[in-house]
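Every read-out reported here was derived from the displayed coordinates using simple, explicitly stated rules and does not represent laboratory data. This is a predicted model, so every value here is computed, not measured. Neighbour counts are summed over all protein chains in view; Cβ atoms, including those assigned to glycine, are modelled from backbone coordinates with ideal geometry.
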Amino acid sequence: MQCLIALFLVLIAAPVYGAGVMKDLAAPPPGATLPVVINRTLKPHHVRPGQPISAELIQTVPVSAKVELPKGAKLDGRVVKVGGSSISILFDRLGWKGRTIPVRVKLVAAAAMMNVYDTGVPLSGPDRGTASRSDWTTRQVGGDQIFLSGGSGTVYDRYSQPVGYADYTGVYANPSAPGKLPRAVGPFSTTASGLHGFPEFSIESTGGAGLPITLIASKPNWVIRSGSALLLEVVR
């Protein structure tokens, strides 16, 4: 799992926002996004209702101008319902260093393990022979591209417009307005939504407000592999 995470954490210069920021467990504001990786494989006959489930923050997440959630903080929850045709999961707690806080989230996007892996593969042939990932060009889940040269770069959308940035802490969408925080996106594009690499699934409920995330499967032997990623949005 750590290898998958490392594949898309690129190194570029941090923006002014990052100066003096401390890492702590603090409540993320509504609208903040949490890119997490699932740390176990889920199959219908290997999980049960009520079973604890956790995911891990892939990168740091800004929660204020001076505080960010640290990479590796845990998002905990439980399996609400599971069967051959569906799975429902409720994430409701963030934890770090023995402390926990409540949180409500909804699903924005999900990517299968191999889709996450592909975000760390350079797009061009010459890049494959470059030892330093800080000089690679890579594609995010959803189509955005990160162009790096000498450890600096920008995230561009499919129309070649700059929409975000990356640094040693992760990948971020630009703030939506002056005074707003950048959104952490991990391996996802800044506008990614829906399911990527899960052809057997559809979304019945994105969750939120204490409701579970529910996926419907078109076949009974479905699987969600360890290393798959979720992009979740904090709601009130």
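Starting with the fewest neighbours, write out Ile224, Ile216 ranked by other beta-carbon atoms found within 10 Å of each beta-carbon. Working shown, then result.
Numbers: Ile224 23, Ile216 15.
The fewest-first ordering by Cβ neighbours comes to Ile216, Ile224.
Over the chain, the ratio between the Cα radius of gyration and 2.2 N^0.38 Å evaluates to 0.98.
Strictly over 27 Å apart at the Cα level, which of Lys23/Lys106; Lys66/Lys97; Lys23/Lys43; Lys74/Lys219; Lys71/Lys219; Lys43/Lys106 would you flag in this model? Don't skip to the end; give the middle numbers.
Working: Lys23/Lys106 24 Å; Lys66/Lys97 19 Å; Lys23/Lys43 34 Å; Lys74/Lys219 30 Å; Lys71/Lys219 34 Å; Lys43/Lys106 22 Å.
Pairs exceeding 27 Å: Lys23/Lys43; Lys74/Lys219; Lys71/Lys219.
Judged by the gyration tensor of its Cα atoms, with axes a ≥ b ≥ c, segment 118-236 is oblate; a/c meets the 1.5 cut and b/c is at least as large as a/b.
Dipole magnitude for the chain: about 680 debye, using +1 per Lys or Arg Cβ and -1 per Asp or Glu Cβ, origin at the Cα centre.
Toward the positive end of the charge dipole of the chain, about the Cα centre and with charges on Cβ (Lys, Arg +1; Asp, Glu -1), which of Val103, Pro28, Pro187 goes farthest? Working it through, the farthest residue towards the positive pole turns out to be Val103. Under the simplified labelling scheme, the Arg48-Ala209 pair shows an inter-label distance of 3.3 nm, with each label point 7 Å from Cα along Cα→Cβ.
Helix-only estimate, please: 222 nm mean residue ellipticity of the chain, summing -39500 (n - 2.57) across DSSP H runs of length 4 or more and dividing by its residues, to the nearest 500.
Rounded to the nearest 500, it is -1500 deg cm²/dmol.
A cut-off of 5 Å between modelled amide H atoms, ignoring neighbours fewer than 5 places along the same chain, links Arg93 with Asp76, Val103. One decimal place: the segment Ser64-Arg40 gains 5.6 nm when fully extended, by the rule 0.36 nm per residue minus the C-alpha distance.
Residues His196, His45 in ascending order of nearby Cβ atoms (within 10 Å, fewest first): His45, His196.
Spin-label model, Ser218/Val121: points 7 Å from Cα along the beta carbon direction are separated by 2.3 nm.
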